[in-house]
Every structure is written in C-alpha cells, then in structure tokens.
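Values quoted throughout were computed directly from the atomic coordinates according to the rules given, and no laboratory measurement underlies them. Quick caveat, the model's predicted, so the values are computed rather than measured. Cβ atoms come from the backbone with ideal geometry, glycine included; neighbour counts cover every protein chain shown.
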Amino acid sequence: MINRHTGPLVVDLALRLTLLDLLLRPIGGWAVRPLILGLAAVALLRSRWLHQPLLWLALAGLAGARVLLDWPLADNHAYLLAYWCLAISLALMAQDTDKTLAFNGRLLVGLVFLFACIWKFAFSGHYVDGTFFKVTLLTDPRFEGFSKIAGGLDAATYETLRDFVGQHRDAAPVIDTSGIELPARFEALALAATAWNVAINASLALAFLWPAGRGLSRLRHPLLLVYGTVTYAVATVDGFGWLLLAMGAAQCTLEQRRTRLAYVAVFILILLYREVPWADSVFLPLLG
C-alpha cells in the first residue's frame, strides 16, 4: 500500500536536490533521457508528485536501464543514482519516511567511501604512491588549468609532460622519472592530492558508518560539506557531487536549518564551479 503524505517532509530538500541533479546533469541516451527529464521536471514543480513512490520507482528503473544500455559504464555514480532513487521510493512507502531515508542515505554514503578506500589501498598499486594523480593531472583535460596553476607548470612544460605520459598505452600507465624530470612542485601536488583524497575518503567512511550520536558521527555533515566544496572545485564531476549532497541532506533534522542551508549553498557552489571555469578563465590570465 502506497503511503500518501499530506504535509512537507524533512527529506523534501533531499528529494528536490536529487531532481535538480537529474535536470542539471541529464543522464542516458535518448531512449531514457526524455522520460527522466520529464518526470524530474514535473515532480520538482508539483509537490504531490514529489511524494509519489511510483515516480521514484520509475526513476530508479530508468537509471538502471541507463546503466544496462551503456554497459560497461565507467561512471560508478550511475549505479549509485539507481540505488538512491530506489531507496527514496521505498522510504516514501514506509511509516517513518524521514528516518528510513536518512538511514539509507547514511549507509550509501558510508559504503561508497568505504569501498573507495578498499580499492585504493588493496587493489590499486598505483594510487597510494601518487602515480594515479601524476597521470590524471596530465592526461585529463578537466584538470589542465588546475595542474598548471597548482603544479607550477607553464604551457610548454605541461605539453611536454602530457605528450610523454601519453606514450604509455597500457591500462595502468606509469611515469618513468628516468625518462623525464617532473618539477618538484608538481610532484608535491600529486602527493598532496593523493593524501587529501585518501584522508577525506577514510574520514567520511568512518563518520557515516559510525553509530549515530557517538564520536565521529558528529562530523558527518561538516566532512561531507568540506568534501563537496574542495573536491568539486577541481574534479568537475558535478552530478556525483550533487548526488552525495542530496544523500547528506536527507540526514538533516528539522532543527538543523543552517546545515540544510549549507547543503543548498554547496550545491549552488558546485554549479558555479561547472559554469565558471575559474582555473582557465580567471587565474591563468592573471598569472600570464
């Protein structure tokens, strides 16, 4: 039996942030995208649709279909989106929607970062030593502006390093420092990025999986908000960031008004990161 809600829920913010995520970062090919966009737009405008479990079940099914149609899909958060929409649908059918969704959001966030830590520590030989970021900062065009500014690379040096790394065609390219010298500042940047990523991932996993009301659990919201503010200024994977923020907002209580406003502010900040290429358009011209 579908549970019908007549008043606003604490989790309404989380539902609306999820819908905005779907609208601002459309997913899937044209077999599923129009349906997702249409459902998300109507639900965002009409509160009665917002609380319909069947609508969220449909979104979960479409998100899952997107994964199957695009198989094998590299974007891990595509799977997470399907799980989250399903969790919302089930929570809206529960007697206590707010607590049910908060519990599921907490577990999903905690497990995402726990599995990320397991992969980085146990299954990736080129992550904790900094190789991953040395390669990524030079080969991923989304990081070019940041790499030049923070790594102290001029255009010529950047192009030389990128071309050198691009010579490696294996699945896990390794920079051979005997073949080319990496600037000390760039080396330090790669190591700092690695340390930050490992530390924040581990902290988030512990905080969100820690029993409620004890120790590290009190740091859940601050850690997630800091993660969203810092990480997505550089890594422009805005859809993933918005999804994590929606899950975090689902865990806010009615009394945590400032925390909920903070989630909205960081959500908007990530949008600004995407729409204003600060590294390429602001800082690089200033640095000449």
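How would M93, M247 line up from fewest to most surrounding beta-carbon atoms within 10 angstrom?
On the way: M93 16, M247 27.
Exposure proxy ranking, most exposed first: M93, M247.
What ranking of Y158, Y227 emerges when the number of other C-beta atoms within 10 Å of each C-beta is taken as an exposure proxy, fewest first? Could the numbers behind the result be given before it?
On the way: Y158 17, Y227 22.
Fewest-to-most Cβ neighbours within 10 Å comes out as Y158, Y227.
Return the whole-Å distance between the Cα centroid of region 5-75 and the Cα centroid of region 206-283.
Region 5-75 and region 206-283 have Cα centres separated by 20 Å.
How many nm separate the modelled label positions at T160 and D75, each set 7 Å beyond the Cα in the direction of the Cβ?
About 3.7 nm separates the two model spin labels.
Between Q95 and V198, with labels modelled 7 Å along Cα→Cβ, what's the label distance in nm to one decimal, could you check?
Going from the Q95 label point to the V198 one covers 4.7 nm.
Can you figure out the FRET efficiency of I268 with L107, using R₀ = 25 Å and their beta-carbon distance, to the nearest 0.05?
Numbers: r = 27 Å, r/R0 = 1.07.
Once the sixth-power term is evaluated, E becomes 0.40.
So what J values fall out for region 258-263 if you push phi through Karplus, 6.51 cos²θ - 1.76 cosθ + 1.60 with θ = phi - 60°, rounded to Hz, Gly and Pro as x?
Here the 3J(HN,Hα) series is 5, 5, 5, 5, 5, 5 Hz.
If you rank K134, K120, K99, K148 by fewest surrounding Cβ atoms within 10 Å, what's the result?
Working: K134 27, K120 17, K99 14, K148 21.
Listing K134, K120, K99, K148 from fewest to most nearby Cβ atoms yields K99, K120, K148, K134.
Pick from Q251, Q52, Q95: which is most flexible by mean-square fluctuation in a GNM of the chain where alpha carbon atoms under 10 Å apart are linked?
Q95
Any idea what the dipole of the chain comes to, in debye rounded to 20, about its Cα centre with Lys/Arg Cβ at +1 and Asp/Glu Cβ at -1? Mind showing how you got there, number by number?
Values: 23 positive and 20 negative charges, 259 e Å.
Dipole of the chain, to the nearest 20 debye: 1240 debye.
Let me have the relative contact order for the chain, percent, based on Cα pairs under 8 Å that are six or more residues apart.
Values: 330 pairs, mean separation 66.7, N = 288.
Over the chain, the number comes to 23 percent.
With springs connecting C-alpha atoms under 10 Å apart, model the chain as a Gaussian network and identify which of N201, N76, N104 has the largest mean-square fluctuation.
Fluctuation is largest for N76.
What FRET efficiency comes out for the pair Q256/T136, r = Cβ-Cβ distance, R0 = 35 Å, nearest 0.05?
Numbers: r = 36 Å, r/R0 = 1.02.
Computed FRET efficiency for Q256 and T136 comes out at 0.50.
Using the charge dipole of the chain (Lys, Arg: +1 at Cβ; Asp, Glu: -1 at Cβ; taken about the Cα centre), state which of T253, N104, V135 has its Cα farthest towards the positive end.
Final value for the positive-end residue is T253.
So which residue, out of P26, P141, P72, gets the largest mean-square fluctuation from a GNM of the chain using Cα contacts under 10 Å as springs?
P72
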